[in-house]
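The structure under discussion appears below in the form of structure tokens.
The values are calculated or read from the model by the stated rules, or taken from the named source; none is laboratory data. Note that the structure is a prediction, hence the values are computed from the model and not measured. All Cβ positions, glycine included, derive from the backbone under ideal geometry; neighbour counts span all protein chains shown. We work out accessible area using only protein heavy atoms, side chains counted, and drop any ligands, DNA or RNA first. Shrake-Rupley method; radii C 1.70, N 1.55, O 1.52, S 1.80 Å.
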Amino acid sequence: MTAAPLHPDDGDWTGGARVRARRVAHGFEFRINEVTSQARVYKQLLDRFLRTEFKVRPRWGVFEVDILVEIAPELPTIDLDNVAKAVLDGIKGAVFFDDGQVWRLLVEKRFAASEQVTVRAVRRPDGDGEDA
């Protein structure tokens, strides 16, 4: 994470058991209590959530996205590239207009007691890499 650790529980979260979100400096953080590589799952969960509970508008500019995938050790492994694409598709149109605006993507997998995906998408304040 560029600004702070990805997993602190400080700050005001909005949402419920399946999806939560909060504003962070220059962007947003989402926590999804489900791990899958199926894009439609994240698109449906996030679309409903972003229309009803956490209304945001997409922004232009250059973004950095960090994704932390936590899985239980006894469950089958999952491909990080599939999760990353599914998550980017899920937040596209709400956080940014197109995933081509993502100039830095960090995806990490860890073993944990329960499964969840934490996503932080922040706009680069310096505009580094931004098209003119």
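Results, tabulated for the structure shown:
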quantity: Trypsin sites (Lys or Arg not before Pro) within region 28-78, DSSP loop, no more than 12 other Cβ atoms inside 10 Å; calculated: K55
quantity: Helix 80-91 vs. the chain, principal-axis angle (Cα, 0 to 90°, nearest 10); calculated: 50 degrees
quantity: Region 11-132 - percent relative contact order, Cα under 8 Å, separation 6 or more; calculated: 38 percent
quantity: Degrees between helix 39-52 axis and first principal axis of the chain (Cα, 0 to 90, nearest 10); calculated: 60 degrees
quantity: Packing rank of 17-24, 95-102, 116-123, 65-72, where each peptide gets the mean count of other beta carbons within 10 Å, highest leading; calculated: 116-123, 65-72, 95-102, 17-24
quantity: Per residue value of the accessible surface for the chain (all protein chains in place, 1.4 Å probe), Å²; calculated: 54 Å²
quantity: For the chain: Kirkwood Rh in Å [reciprocal of mean 1/r, alpha carbons]; calculated: 14.9 Å
quantity: Cross-link reach list, lysines versus K92, counting only Cα pairs under 20 Å and skipping chain neighbours closer than eight places; calculated: K43, K55
